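Undergrad: Okay, handing you the structure first.
The values are calculated or read from the model by the stated rules, or taken from the named source; none is laboratory data. From a predicted model like this one, the values you see are computed outputs, not experimental measurements. Glycine gets a Cβ as well: all are built from the backbone with ideal geometry, and neighbour counts include every protein chain shown.
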Amino acid sequence: MNALDFDWKPMALVPVLALLVLPFIGSPSTWVTLTVAGLAMGMIIFIIASGLTLVFGLMDVLNFGHGVFIALGAFVATSVLGSMGDYTSSESLWQNLLAVFPAMVIAMLVAGAVGLAFERYIVRPVYGNHLKQILITMGGMIIGEEMIKVIWGPQQIALPLPAGMRGSLLLGDAAVEKYRVIAVVVGLLVFAILLWVLTRTKAGLLIRAGVQDREMVESLGYRIKVLFIGVFVAGSALAGLGGVMWGLYQQSITPQMGAQVNVLIFIVLIIGGLGSTTGALIGALLVGLMANYTGFLVPKAALFSNIALMMAILLWRPQGVYALGK
Amino acid sequence: MTADLLTLRGVHTHIGAYHILHGVDLSVPRGQLTMLLGRNGAGKTTTLRTIMGLWHASKGSISFDGRDITATPTPRIAGLNIAYVPENMGIFADLTVKENMLLAARQAKHAGQIDDERLKWIFSLFPAVEKFWNHPAGKLSGGQKQMLAVSRAIIEPRELLIIDEPSKGLAPVIINNMIDAFAQLKASGVTILLVEQNINFAKRLGDTVAVMDNGVVVHAGSMQALAEDEETQHSLLGLAI
Amino acid sequence: MLKRILSNDFPRSRVLAVILVALLLALAFTPFVFSGVKALNVAAKVLIFLVLVASFDLLLGYTGIVSFAHTMFFGIGAYGIAIASARMGPGWDAVIAGLLASLALSFVLALLVGLFSLRVRAIFFSMITLAVAAAFQTLASQLSDITGGEDGLTFKVPQVLSPGFRISETPWLGVHLDGRLICYYLLFFTALAAVLAMLRIVNSPFGRVLQAIRENEFRAEAIGYRVVVYRTTSSILSALFATLAGAMLAIWLRYNGPDTSLSFEIMLDVLLIVVIGGMGTIYGAAIGSGIFVVAQSYLQDLLKLASDATSALPWLSALLSPDRWLLWLGLLFVLSVYHFPTGVVGRLRAARHSA
Amino acid sequence: MSLLATQDLTVRFGGHVAVNAVTCAFEAGTLTAIVGPNGAGKTTYFNLISGQLKASAGQVMLDGHDLSRLSPSKRTRAGLGRAFQLTNLFPRLTVLENIRLAVQATRPGRHRHGLNLWSIWSDHRELTARADEILVAVALGEKENELVANLPHGDQRKLEVALLMALEPRVFMFDEPTAGMNAVEAPVILNLIRKLKEDRTKTILLVEHKMDVVRELADRIIVLHNGALVADGEPADVIASPIVQEAYLGISPRDGTAQDGSAPSSGLAPRAARSEAP
């Protein structure tokens, strides 16, 4: 897309929100800490939401059970990290990465595999019927959560940060946690990869085209159902990765964590517009920043502030910031 | 090699509770241009969509080059080198013209692999496609979108072109270009099936014609014969050509 | 006479009619027929869910609106009674004040949610109501000085309903005539009146327009109905009945907390009941509530037996442990949506036509 | 004074002008046929009049009142009834219920146009009676308890017309009422339209392709092409005129009428709003 007529306005929302809040927070250093925390949280939510926005957009499938992959990813990570004690306890970041990286990969593989089964047995039989999709994917989430409880037990488990990732850096006089910077980097990496796939590869073009006119893509000779399974599995894997990072961000995980994050992801999808990866990024960053800012200013109203933010954006653009030309 | 590339026998189509096609018999001779005419709601578009497998024939059979494709899924039908331009043109608005064309060129992995010769030929027929090459397709006018839709269908050599109202919204000069294009394609052995409202356009291009009414083909024959037979035209189409 | 009571909306299936009558009699005479506190609690829960699910189906089955904010109104009703009774002391004035306040709050919130539904696409609306319900649940647990926070509020009900109250010392037909019995029958007649009222609403000219909107909102507007007015009225009515159900819950339990009246699990129960019973019919809510609540209460006992029996295979007994009853609920949920789309009422009515 | 009039009515989708400043007046008691090739803007013109589409410019006037700000439901209650080209009814309700909903929407009575929550629907006998009358008129009498989803296509087209009649509007807008109907069913509907015409109080707009139907029923024909009004006049001379041939047959222009539908040069300029009744 040539940059000339790219719709810049939604992009501006993120810096605008950050600057609007500055006067209320008072000290700039706290503002920096909160902003980085917000961006990190936003990035993690983006990773989880990016897959789901394509599943909603591409096949018009309402998956209300996406949260189960978040919990699955996090719990798989605890098992992997648990077994690699000496790597996680060492101070050197590289050693830690030797444990965290495989944990992420395995979490993504397991979540992707469960995603494949979830699509095959839960989603495929209800193509085209939104109400049934909502009901059945919710049922799928309950089953998923309960199976996690059977395997890992119902109680909360700690997911401590590896030693090398703990502590924080000093940016001027603002303390910024190391892990949060890592989260932002990983988030940007995922966004870059997704954008490259969607704009530079034929599969990416097919996904974007499929979101607008499935029948035409099939009439050009491409099996869109196979494409969709790929997108669904990738979405589940990304949710697994997001689960690992969310677990590390919260330092503890519960089988119900999926349901709690689910609500935030829906808000991100609504703000961003269904089927738009860039929209999901903007939505996620806004939600992350808002959650951290209100968490500091008015702790009780964190979730309400995000709902207010969503309502405001919907009054501006009822289809979300990047509604596709459907 | 049968004389007809595509044959429909007694095809019925239901959409939900609606029974649209009531036993369509249609044969599209190889290497010729067949016009499918008829009033609104006669079932023309439904017939094309049933051929492409977008809607499933509840009864009857469709065969292409001797092969039964009645229940074949759409992607595989397109894979038999059949190009289809739907009534709403099926343009991917958020993709650029170039990206639309790249998707139509199944063999090409990236824009560089599209056959240059053929692209130049298409640019000569439809200048707008070249002019807005890197422009989002959604920004094009109705006529320009129609040109892009037809260009996508001919970006790679195809055995059968199925186009729903190619002349819609096009200025006469572009219609003339399109007529030349179809003539050249016919000469190179491509078979074409067009749904048309514009009877004059049909008369100038069609070899054979089939007229539909109420979900059945009520008349089939050579275009020439129908063009001369004032009386049948009037009864079939309610209007003298 | 029956035509007027049932608003000319007969079960239209002999088997269904028999089941409904059996359900009515069972609920009416529970105290006399089934002994023990558990049976009374199960019956009371059926009555409460009957009103809650019927009001949800007024929105989903009749108007075609998918809203997950329904438990919010249920919670408002329960908290209304709890807060009023805790602050004003037990008494009918507290109950009335609490009920009216919660009905007013539900009215305003339902109006806002209803009007907002017009700005956005149907899919967004369902997701937004999910977020609003979640936010309301967190709010209830955070405003601890009003709502008693996580552990909720325990309070006393009017003297005549309290267990200590005695109509007469001698039990009648083997049943103690105490406040609990009176409270149960208060619930019974409230539920009966609410369901018959909803039956009348869905069979009124207004109810028929709701069905037209469900079938084809565009054409309903085109033939002259201001769809906005009908959708919003339907949302408000459904919210008010849900609030009433919440109040019934609080009066029966004499306690209310975020998990008892606001948790997402209640929303899942309501969805499952409406699917099992059958959408688009008040009788579906009645049958569904009966089947579900009874199954849910005794399922856990059943699982306990199964789990002990299979203690030899640890992983199997873990699967069958009563704590994992939600797993079986989820499976039942998925299977009934697949194989049982029209629910019990739909299946019975279809059987009648073909029989 | 004309009952219904559109003044420079225009609508644009992106760059494309679908309806191009159409000014036209329709007298009470007349039947005007609206003719034009596919994509000429006929259905879009109807959507602008009945309020489904917001106009980019221009107004719709009924009895001299400007309807532009009214919603579709208010316009219908003001007397603008419409049947749709693509059948869109209430599929899982019965034929009788579909018609009763339309009768209830506009006829005064205890049911207060549907806003009555407490009476039983079936008690409103007058609704059922009126609905039965209309069903018999469109030959659907014996199918009253069938679900609309199970009706054959022809019957559903009949129900579209019946739904319009149930509204008892002052302006009837038919959009290809007999499309998809067989030779037995079509005359039933055409007779209905003819009867409507004969009582001389209703204004009828008829989008129709079949020229024989147009010739027989129309008092006047307007031709739309590429969204513009290109001809307006008596049926006989409009059909024979070069404009209709060109608009319909797409013959490359011979007599100076530009393809983009600018005002025709021949004597059939669109008639200005006429002051006196016919």
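Undergrad: In the set A:Leu135, A:Leu131, A:Leu220, which member is over 20 Å from the mean Cα position of the chain (by Cα) and closer than 21 Å to A:Thr53 by Cβ? Please lay out each step first, then the result.
TA: Details: A:Leu135 fails: closer than 21 Å to A:Thr53 by Cβ; A:Leu220 fails: closer than 21 Å to A:Thr53 by Cβ.
After applying the criteria, what remains is A:Leu131.
Undergrad: Any idea which residue in the stretch B:129-144 is modelled with the lowest pLDDT, counting only those that are within 14 Å of chain D (Cβ to nearest Cβ) and part of a loop (DSSP other than H, G, I, E, B)?
TA: Step one: list which residues in the stretch B:129-144 are within 14 Å of chain D (Cβ to nearest Cβ), which gives B:132, B:135-144.
From what's left, part of a loop (DSSP other than H, G, I, E, B): B:132, B:135, B:140-141.
On the way: B:Phe132: 90, B:His135: 88, B:Leu140: 83, B:Ser141: 76.
Among residues in the stretch B:129-144 that are within 14 Å of chain D (Cβ to nearest Cβ) and part of a loop (DSSP other than H, G, I, E, B), the one modelled with the lowest pLDDT is B:Ser141.
Undergrad: Within the bounds of the stretch D:143-155, is there any residue that is closer than 15 Å to C:Gly224 by Cβ and either in the same structural domain as D:Ile34 (by TED's automatic domain parsing) or assigned to a helix (DSSP H, G or I) (or both)?
TA: The first filter runs over the stretch D:143-155 and keeps only residues closer than 15 Å to C:Gly224 by Cβ, leaving none.
No, every residue in the stretch D:143-155 fails to be closer than 15 Å to C:Gly224 by Cβ and either in the same structural domain as D:Ile34 (by TED's automatic domain parsing) or assigned to a helix (DSSP H, G or I) (or both).
Undergrad: What do you reckon, is C:Ala110 touching a helix residue (DSSP H, G or I) at 6+ places or on another chain (Cβ under 8 Å) and over 30 Å from C:Ala350 (Cα atoms)?
TA: Numbers: touching a helix residue (DSSP H, G or I) at 6+ places or on another chain (Cβ under 8 Å): yes; over 30 Å from C:Ala350 (Cα atoms): yes.
It is true that C:Ala110 is touching a helix residue (DSSP H, G or I) at 6+ places or on another chain (Cβ under 8 Å) and over 30 Å from C:Ala350 (Cα atoms).
Undergrad: Restricting attention to helices (runs of 4 or more DSSP H) lying wholly within the stretch B:145-230, give those where 3 or more residues are within 14 Å of chain D (Cβ to nearest Cβ) and either charged (D, E, K, R) or touching a residue at least 12 places away in the same chain (Cβ under 8 Å) (or both).
TA: Values: elements: B:172-187, B:199-205, B:223-228.
Because the criterion is at least 3 residues that are within 14 Å of chain D (Cβ to nearest Cβ) and either charged (D, E, K, R) or touching a residue at least 12 places away in the same chain (Cβ under 8 Å) (or both), the helices (runs of 4 or more DSSP H) in the stretch B:145-230 that meet it are B:172-187, B:199-205.
Undergrad: Give me the residue from the stretch B:1-55 that is surrounded by 21 or more Cβ atoms within 10 Å (Cβ to Cβ) and on the phi > 0 side of the Ramachandran plot and, out of that set, modelled with the lowest pLDDT.
TA: Top of the filtered list is B:Gly41.
Undergrad: Check D:Gln52, D:Gln104 and return the single one that is closer than 22 Å to C:Arg214 by Cβ and outside the structural domain of D:Leu206 (by TED's automatic domain parsing). Even if it seems obvious, please write down each step before you answer.
TA: Details: D:Gln52 fails: outside the structural domain of D:Leu206 (by TED's automatic domain parsing).
The unique qualifying residue is D:Gln104.
Undergrad: Quick one: which strands (runs of 3 or more DSSP E) lie wholly within the stretch B:7-118 and hold at least 2 residues that are under 17 Å from B:Val150 (Cα atoms)?
TA: Details: elements: B:18-29, B:33-38, B:57-64, B:82-85.
By residue number, B:33-38, B:82-85.
Undergrad: Here are C:Thr170, C:Thr138: which of them is of a type in the set (Val, Ile, Thr), more than 14 Å from chain D (Cβ to nearest Cβ) and surrounded by 13 or more Cβ atoms within 10 Å (Cβ to Cβ)? Let's see the steps before the verdict.
TA: Numbers: C:Thr170 fails: surrounded by 13 or more Cβ atoms within 10 Å (Cβ to Cβ).
Only one candidate passes the filter, namely C:Thr138.
Undergrad: Among the residues of the stretch C:110-125, what is the count of those that are surrounded by fewer than 19 Cβ atoms within 10 Å (Cβ to Cβ), in contact (Cβ under 8 Å) with a residue 40 or more places away in the chain and not in a loop (DSSP other than H, G, I, E, B)?
TA: So the count comes out to 3.
Undergrad: Condition check: surrounded by 22 or more Cβ atoms within 10 Å (Cβ to Cβ), within 14 Å of another protein chain (Cβ to nearest Cβ) and under 22 Å from the mean Cα position of the chain (by Cα). Does C:Ile128 satisfy that? Steps first, please.
TA: Working: surrounded by 22 or more Cβ atoms within 10 Å (Cβ to Cβ): yes; within 14 Å of another protein chain (Cβ to nearest Cβ): yes; under 22 Å from the mean Cα position of the chain (by Cα): yes.
Taking the combined requirement at face value, the residue satisfies it.
Undergrad: Out of A:Arg200, A:Arg214, which single residue is touching a helix residue (DSSP H, G or I) at 6+ places or on another chain (Cβ under 6 Å), among the basic types (Lys, Arg) and under 20 Å from B:Asn100 (Cα atoms)? Step through it out loud before you land on a result.
TA: Values: A:Arg200 fails: touching a helix residue (DSSP H, G or I) at 6+ places or on another chain (Cβ under 6 Å).
Going through A:Arg200, A:Arg214 in turn, the sole match is A:Arg214.
Undergrad: Oh, and also: Tell me, which residue of the stretch D:208-231 that is surrounded by fewer than 22 Cβ atoms within 10 Å (Cβ to Cβ) and touching a Leu at 6+ places or on another chain (Cβ under 7 Å) is farthest from the other protein chains (Cβ to nearest Cβ)?
TA: D:Asp219
Undergrad: Quickly run through the stretch C:307-346 and pick out the residues that are in a helix (DSSP H, G or I), away from chain A (no Cβ under 11 Å), surrounded by 16 or more Cβ atoms within 10 Å (Cβ to Cβ) and not aliphatic (A, V, I, L, M).
TA: Matches in the stretch C:307-346: C:Ser307, C:Gly343, C:Gly346.
Undergrad: Moving on. Counting just the residues of the stretch D:122-138 that are surrounded by fewer than 17 Cβ atoms within 10 Å (Cβ to Cβ) and small (Gly, Ala, Ser), which one comes out farthest from the other protein chains (Cβ to nearest Cβ)?
TA: Here the answer is D:Ala129.
This table checks each residue for (1) modelled with pLDDT of 85 or more; (2) assigned to a helix (DSSP H, G or I); (3) crowded, with 18+ Cβ neighbours inside 10 Å; (4) outside the structural domain of D:Lys158 (by TED's automatic domain parsing).
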residue: D:Ala183; (1), (2), (3), (4): no, no, no, yes
residue: D:Lys197; (1), (2), (3), (4): yes, yes, yes, yes
residue: D:Asp237; (1), (2), (3), (4): no, yes, no, yes
residue: D:Gly267; (1), (2), (3), (4): no, no, no, yes
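Undergrad: Is one or more of the residues making up the stretch A:186-202 more than 11 Å from every other protein chain (Cβ to nearest Cβ) and farther than 30 Å from A:Thr33 by Cα? Reasoning before the result, please.
TA: Step one: filter the stretch A:186-202 for residues more than 11 Å from every other protein chain (Cβ to nearest Cβ), giving A:186-197.
Adding the requirement that they be farther than 30 Å from A:Thr33 by Cα leaves A:196-197.
Yes - at least one qualifying residue is present in the stretch A:186-202.
Undergrad: Can you tell me which of C:Ala39, C:Ala54 is small (Gly, Ala, Ser) and in contact with a Phe, Trp or Tyr (Cβ under 9 Å, 6 or more places away or on another chain)?
TA: Details: C:Ala39 fails: in contact with a Phe, Trp or Tyr (Cβ under 9 Å, 6 or more places away or on another chain).
Only one candidate qualifies: C:Ala54.
Undergrad: Looking at the stretch B:119-151, which of its residues are of a type in the set (Val, Ile, Thr) and touching a Pro at 6+ places or on another chain (Cβ under 8 Å)? Explain how you work it out, then say what you get.
TA: Taking the stretch B:119-151 and keeping what is of a type in the set (Val, Ile, Thr), we get B:122, B:129, B:150.
Matches in the stretch B:119-151: B:Val150 only.
Undergrad: Specify which of the listed residues (C:Asp57, C:Asp93) is acidic (Asp, Glu) and surrounded by 20 or more Cβ atoms within 10 Å (Cβ to Cβ). Step through it out loud before you land on a result.
TA: Numbers: C:Asp93 fails: surrounded by 20 or more Cβ atoms within 10 Å (Cβ to Cβ).
Exactly one of C:Asp57, C:Asp93 is acidic (Asp, Glu) and surrounded by 20 or more Cβ atoms within 10 Å (Cβ to Cβ), namely C:Asp57.
Undergrad: While we're here: Does B:Ala111 satisfy being touching a Ser or Thr at 6+ places or on another chain (Cβ under 9 Å) and either within 14 Å of chain A (Cβ to nearest Cβ) or buried (at least 22 other Cβ atoms within 10 Å of the Cβ) (or both)?
TA: On the way: touching a Ser or Thr at 6+ places or on another chain (Cβ under 9 Å): no; either within 14 Å of chain A (Cβ to nearest Cβ) or buried (at least 22 other Cβ atoms within 10 Å of the Cβ) (or both): yes.
No, not satisfied.
Undergrad: How many residues, within the stretch C:159-175, are without any contact (Cβ under 8 Å) to a residue 24 or more places away in the chain and either of a type in the set (Lys, Arg) or in a loop (DSSP other than H, G, I, E, B) (or both)? I'd like the intermediate steps shown before the answer.
TA: Initial filter on the stretch C:159-175 (without any contact (Cβ under 8 Å) to a residue 24 or more places away in the chain): C:160, C:163-172.
Remaining after also requiring either of a type in the set (Lys, Arg) or in a loop (DSSP other than H, G, I, E, B) (or both): C:163-171.
Residues in the stretch C:159-175 being without any contact (Cβ under 8 Å) to a residue 24 or more places away in the chain and either of a type in the set (Lys, Arg) or in a loop (DSSP other than H, G, I, E, B) (or both): 9 in total.
Undergrad: A follow-up question, please. Would you kindly identify the strands (runs of 3 or more DSSP E) lying entirely within the stretch D:1-84 that contain at least 2 residues that are within 14 Å of another protein chain (Cβ to nearest Cβ) and over 20 Å from D:Val223 (Cα atoms)? First the steps, then the outcome.
TA: On the way: elements: D:4-13, D:16-26, D:31-35, D:57-62, D:80-82.
Of the strands (runs of 3 or more DSSP E) lying wholly inside the stretch D:1-84, those with at least 2 residues that are within 14 Å of another protein chain (Cβ to nearest Cβ) and over 20 Å from D:Val223 (Cα atoms) span D:80-82.
Undergrad: Just one of A:Val185, A:Val217, A:Val211 is closer than 24 Å to A:Val105 by Cα and β-branched (Val, Ile, Thr); which is it?
TA: On the way: A:Val217 fails: closer than 24 Å to A:Val105 by Cα; A:Val211 fails: closer than 24 Å to A:Val105 by Cα.
Every option except A:Val185 fails the conditions.
Undergrad: Which one of these does C:Val202 not meet: (1) farther than 26 Å from C:Lys3 by Cα; (2) within 14 Å of chain D (Cβ to nearest Cβ); (3) crowded, with 23+ Cβ neighbours inside 10 Å?
TA: Result: C:Val202 passes all but (1).
Undergrad: On to the next question. Only one of (1) in contact with an Asp or Glu (Cβ under 8 Å, 6 or more places away or on another chain); (2) within 26 Å of C:Ala350 (Cα to Cα) fails for C:Ile201. Which number is that?
TA: (1)
Undergrad: Could you list, in sequence order, the residues of the stretch A:79-114 that are more than 30 Å from A:Ile134 (Cβ to Cβ) and of a type in the set (Val, Ile, Thr)?
TA: A:Val80, A:Thr88, A:Val100, A:Val105, A:Ile106
Undergrad: Turning to a different aspect of this structure: Kindly establish whether B:Asn81 is surrounded by fewer than 20 Cβ atoms within 10 Å (Cβ to Cβ), in contact (Cβ under 8 Å) with a residue 60 or more places away in the chain and within 14 Å of the chain's Cα centre (by Cα). Can you show your working first?
TA: Details: surrounded by fewer than 20 Cβ atoms within 10 Å (Cβ to Cβ): yes; in contact (Cβ under 8 Å) with a residue 60 or more places away in the chain: yes; within 14 Å of the chain's Cα centre (by Cα): yes.
So B:Asn81 fits the description; yes.
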